[in-house]
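Any read-out appearing in this document is the output of simple, stated calculations on the displayed coordinates, not a laboratory observation. None of these values were measured; they are calculated from a predicted model. Backbone-built Cβ (ideal geometry, glycine too); neighbour counts: all protein chains shown.
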Amino acid sequence: MIALKGAPVSAKIKEEIDAYRTRLSGPSPKLGIVRVGERPDDLSYERGALKRMEKLGLEAESFAFPENISHEEFEKEFLAINENPDIDGILLLRPLPRQIDEQRIIRLIDPEKDLDGISPANIAKVFSGDSTGFAPCTAEAVIEVLKAYDIPIAGKRAVIVGRSMVVGRPLSMLLLKENATVTICHTKTRDLPGVCREGEILIAAAGKARMLDNSFAGKDAVVVDVGINVDEDGNLCGDVDYDSLEGTAAMATPVPGGVGAVTTSVLAKHLVRAAANRRR
Ligand code: NAP
């Protein structure tokens, strides 16, 4: 089984970013990361994003707010970041605490700065197959992995486990745009292993540690594991039982070191594109 590692994919994206930047005038593109509270997931993603931007020579600033900030106060702060001319793109770490009306904040984000494709305008573009907007970075990272390894998508049967607005649904639209035939599975899907085995490309985005073993994988399937979970021993693992796929799947992404490693590269690519759009 071939391991589809994320590092070579990120290296390819870096080349694209470098080429793009040579055509970009003005100061280095700048990312604004907006975080409320100290959730370990958020802190880990923030660290990863800051490290990636630094590696690529891009600017980044974290805007952190206390867990108990009121909606009104947060909205005021968020609007200031949204309108700050020095910030080319925003990454809003979610979910926000309950006292904040997340949907209202999402509607306020400038679609031109919305690097993770959460605004209604960008979601509409993803669903209508318009690539001028920003798709959610993780969903796009899956497509980047498939393309970087020259895995054909057109005409293939793709099965996705998970229908969230962050991964499953937008990814289904990106795969459809690449002319795959897409099935989306969820907790009410009957005979999940049987449906998954039909996938020539199987994507796991369920958020359940090592849930998909080889009984879910078709012979010679390409398996992409989006899951990021912590197992009972405190180790990072995916939604796929990677070792069990040996002898069944043809290729699979490991966790860690697979899709997760590509997500922040896609974020950086979106940042450079956002900066270029704003300076036109
Ligand atoms: P989510 O919002 O919890 O959605 C999970 C989806 O999986 C839901 O649609 C759910 O179905 C489905 N599901 C859960 N258990 C299932 C089961 N036993 N059988 C069939 N379907 C099942 O999760 P998410 O935000 O999409 O994230 C998914 C995973 O990706 C998580 O592990 C997360 O940490 C990871 N993630 C990774 C990155 C990255 O950069 N690589 C970024 C974001 C998320 P229902 O709709 O029926 O409930």
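Summing +1 for each Lys or Arg and -1 for each Asp or Glu, what net charge is found among the other residues whose Cβ lies under 14 Å from the Cβ of S119?
For residues surrounding S119, the net value is -1.
Computed from the alpha carbon positions, the gyration tensor of the chain leads to an equivalent ellipsoid with semi-axes of 32, 21, 18 Å, biggest first. Cut-off under 13 Å on the C-alpha distance; same-chain residues fewer than 8 positions from K177 excluded. Which aspartates and glutamates are left, in chain and number order? Output for K177: D130, E140.
Helix 137-148 versus the longest principal axis of the chain: what is the Cα-based angle in degrees, 0 to 90, to the nearest 10? Relative to the chain, helix 137-148 is tipped by roughly 50 degrees. Taking a straight Cα-Cα cut-off under 13 Å and skipping sequence neighbours fewer than 8 places away in the same chain, the aspartates and glutamates within cross-link reach of K147 are E178. Normalised size of region 148-188, defined as Cα radius of gyration per 2.2 N^0.38 Å with N residues, equals 1.15. Once you have a ≥ b ≥ c as the square roots of the Cα gyration tensor eigenvalues for region 137-259, tell me rounded if a/c is under 1.5, and otherwise prolate or oblate according to whether a/b is larger than b/c. It comes out rounded by the Cα gyration axes.
Once the Kirkwood radius over Cα pairs is known for region 1-69, the Stokes-Einstein relation at 20 °C and 1.002 mPa s delivers a diffusion coefficient of 151 µm²/s.
Taking the Cα centre of region 15-113 as origin and assigning +1 to Lys and Arg Cβ atoms and -1 to Asp and Glu Cβ atoms, the resulting dipole is close to 240 debye. What does the C-alpha gyration tensor say about the overall shape of region 1-115? Classify as rounded when a/c is under 1.5, otherwise prolate if a/b is larger than b/c, or oblate. Because a/c hits 1.5 or more and a/b fails to exceed b/c, region 1-115 counts as oblate.
Electrostatic tally near I33: other residues with Cβ closer than 15 Å to its Cβ, Lys and Arg +1, Asp and Glu -1, net -4.
If you sort the three axes of the alpha carbon gyration tensor as a ≥ b ≥ c, you get a/c of 1.5 or more for region 82-147 and a/b above b/c, which makes it prolate.
Between I106 and R280, the modelled label-to-label distance comes to 2.6 nm, taking each label 7 Å out from Cα in the direction of the beta carbon.
Think of each Lys and Arg Cβ as +1 and each Asp and Glu Cβ as -1; about the Cα centre, that makes the dipole of the chain roughly 840 debye. Label positions at R39 and F127, each projected 7 Å from the Cα along the C-beta direction, are separated by 2.3 nm.
Relative to one another, the C-alpha centroids of region 49-104 and region 138-199 are positioned 30 Å apart. Axis of helix 6-22 versus longest Cα principal axis of the chain: the two differ by about 40°, to the nearest ten degrees. For region 4-50, trypsin sites (Lys or Arg not before Pro) meeting the loop criterion (DSSP other than H, G, I, E, B) and having at most 15 other Cβ atoms within 10 Å: R23. Legend: calculated FRET efficiency, E54 to L24, from the Cβ-Cβ distance at R0 = 25 Å, rounded to 0.05, equals 0.90.
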